[in-house]
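All remarks here apply to the structure that follows.
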Ligand SMILES: NC(=O)c1ccc[n+]([C@@H]2O[C@H](COP(=O)([O-])OP(=O)(O)OC[C@H]3O[C@@H](n4cnc5c(N)ncnc54)[C@H](OP(=O)(O)O)[C@@H]3O)[C@@H](O)[C@H]2O)c1
């Protein structure tokens, strides 16, 4: 199977390349932004023409949530128009599209959310652009999977996990972390496992929530990171009102999956179990 991964140098894409690359039946191409600019239809046509993918894993996105607030036109261009270019190219070439989306398409007022919950479209520019991307993909490319993920961390980062470990290494006497946003921290390795199963089931279509099970706050996640890593670090809870960021974040954007079970897919691991195995392999690379 010939698999094209967009945004090939990004965190999730790098894990997909490594993990799916273990399957000898897969031929993977993962061009970075410079080789495939999804906002440029000519670039998309060129890459589709030369590689001739059978499946596209669409990871490319403008993911800097706070920067999206001051640059909404770039969020629109990359996340919406770029996704439309990929969706139309997939439809034209009869290619299966697996596109990644986010828990931030929900407003966080009534989480947790299943695949059957109707997003209100997000409370920040990033979430709104990803919701618009989802709608364009559904319209432009019927043979699609929209895989919503959340609070990602993965080998090499950057991620919240990497930031916490760096701050500890710098010797911060105390780290203040928000305790009024709840979500599902998710390892890119766990996502790669679920994507491998979805690839083995070409009939699967529609929206899937691929977040790790269980839930916590950013504060709870920080505490767990230090506890599992055996690092003595003072962490203090604070509120979103005390830690102001340009983009508002949803209060409870937990994703649960009912479709994975309905479709006979393996359940996602619990977030604590995933974090533990991730830290076991990542800590030495970070000098711990
Ligand atoms: N990280 C999370 O916590 C999280 C949570 C929920 C959902 N997601 C979704 O998961 C997917 C992967 O996220 P990630 O964390 O791996 O993001 P990432 O590390 O920021 O990777 C995104 C990649 O897209 C590239 N890109 C940006 N504009 C592009 C363009 N016009 N054409 C081609 N490539 C472009 C970026 O390259 P440059 O940096 O060189 O521009 C970057 O390498 C995204 O769809 C994201 O929305 C992520």
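The values are calculated or read from the model by the stated rules, or taken from the named source; none is laboratory data. This one's a predicted model, so the numbers in the text were calculated from it and none came from an experiment. Don't worry about glycine lacking a Cβ; one is built from the backbone with ideal geometry, like all the others, and counts go over all protein chains shown.
Filter region 64-91 down to residues that are surrounded by fewer than 24 Cβ atoms within 10 Å (Cβ to Cβ) and either farther than 21 Å from residue 206 by Cβ or modelled with pLDDT under 95 (or both), then give me how many there are.
The number of residues fulfilling the criteria is 15.
Pairs needed: first member in region 1-23, at positive phi; second member anywhere, assigned to a loop (DSSP other than H, G, I, E, B) and near the ligand (Cβ under 8 Å from one of its atoms); C-beta distance under 6 Å; at least 6 residues apart or different chains.
Taking only residues 6 or more apart or on different chains, the pairs are 7/59; 7/60.
Restricting to region 203-244, count the residues that are in a loop (DSSP other than H, G, I, E, B), in contact with a strand residue (DSSP E or B) (Cβ under 9 Å, 6 or more places away or on another chain) and over 30 Å from residue 135 (Cβ atoms). Full working, then the answer.
Looking only at region 203-244, we keep the residues that are in a loop (DSSP other than H, G, I, E, B), and these are 203-205, 210-212, 214-215, 230-234, 239-244.
From what's left, in contact with a strand residue (DSSP E or B) (Cβ under 9 Å, 6 or more places away or on another chain): 204-205, 210-212, 214-215, 233-234, 239-240, 242-243.
Applying the additional criterion that residues be over 30 Å from residue 135 (Cβ atoms) yields 233-234, 239, 242-243.
Residues in region 203-244 being in a loop (DSSP other than H, G, I, E, B), in contact with a strand residue (DSSP E or B) (Cβ under 9 Å, 6 or more places away or on another chain) and over 30 Å from residue 135 (Cβ atoms): 5 in total.
Which condition number does residue 117 fail, the rest of (1) within 17 Å of residue 251 (Cβ to Cβ); (2) in contact with a strand residue (DSSP E or B) (Cβ under 7 Å, 6 or more places away or on another chain) being met?
It fails just one condition, (2).
Select from region 87-116 the residues that are assigned to a helix (DSSP H, G or I), in contact with a helix residue (DSSP H, G or I) (Cβ under 8 Å, 6 or more places away or on another chain) and within 27 Å of residue 256 (Cα to Cα) and list them in ascending order.
Across region 87-116, the qualifying residues are 87, 104, 105.
Can you tell me which condition residue 186 does not meet? The list is (1) more than 16 Å from the chain's Cα centre (by Cα); (2) at pLDDT 95 or above, and all the others hold.
Residue 186 satisfies every listed condition except (1).
Quickly run through region 41-63 and pick out the residues that are more than 7 Å from the ligand (Cβ to nearest atom), in a loop (DSSP other than H, G, I, E, B) and surrounded by 14 or more Cβ atoms within 10 Å (Cβ to Cβ).
Across region 41-63, the qualifying residues are 53, 54.
A quick yes/no check of all residues on (1) within 15 Å of the ligand (Cβ to nearest atom); (2) buried (at least 20 other Cβ atoms within 10 Å of the Cβ); (3) within 17 Å of the chain's Cα centre (by Cα):
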residue	(1), (2), (3)
150	yes, yes, yes
160	yes, no, yes
170	no, no, no
175	no, no, no
211	yes, yes, yes
218	yes, yes, yes
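For the list (1) within 11 Å of the ligand (Cβ to nearest atom); (2) within 23 Å of residue 159 (Cα to Cα), I need the number of the one condition that residue 37 fails.
Status for residue 37: all satisfied but (2).
Looking at (1) under 17 Å from the mean Cα position of the chain (by Cα); (2) in a loop (DSSP other than H, G, I, E, B); (3) more than 21 Å from residue 191 (Cβ to Cβ), which is the one condition that is false for residue 34?
All conditions are met except number (1).
When residue 84 is evaluated against the numbered criteria (1) within 26 Å of residue 274 (Cα to Cα); (2) in contact with a helix residue (DSSP H, G or I) (Cβ under 7 Å, 6 or more places away or on another chain), which criterion, by number, is the only one it fails?
Evaluating residue 84 over (1) within 26 Å of residue 274 (Cα to Cα); (2) in contact with a helix residue (DSSP H, G or I) (Cβ under 7 Å, 6 or more places away or on another chain) leaves (1) as the failure.
Within region 164-189, track down each residue that is assigned to a helix (DSSP H, G or I) and in contact with a strand residue (DSSP E or B) (Cβ under 9 Å, 6 or more places away or on another chain).
164, 167, 168, 188 - these are the residues of region 164-189 that are assigned to a helix (DSSP H, G or I) and in contact with a strand residue (DSSP E or B) (Cβ under 9 Å, 6 or more places away or on another chain).
Kindly indicate whether any position in region 106-113 is surrounded by fewer than 18 Cβ atoms within 10 Å (Cβ to Cβ) and within 13 Å of the ligand (Cβ to nearest atom).
Checking region 106-113: not a single residue is surrounded by fewer than 18 Cβ atoms within 10 Å (Cβ to Cβ) and within 13 Å of the ligand (Cβ to nearest atom).
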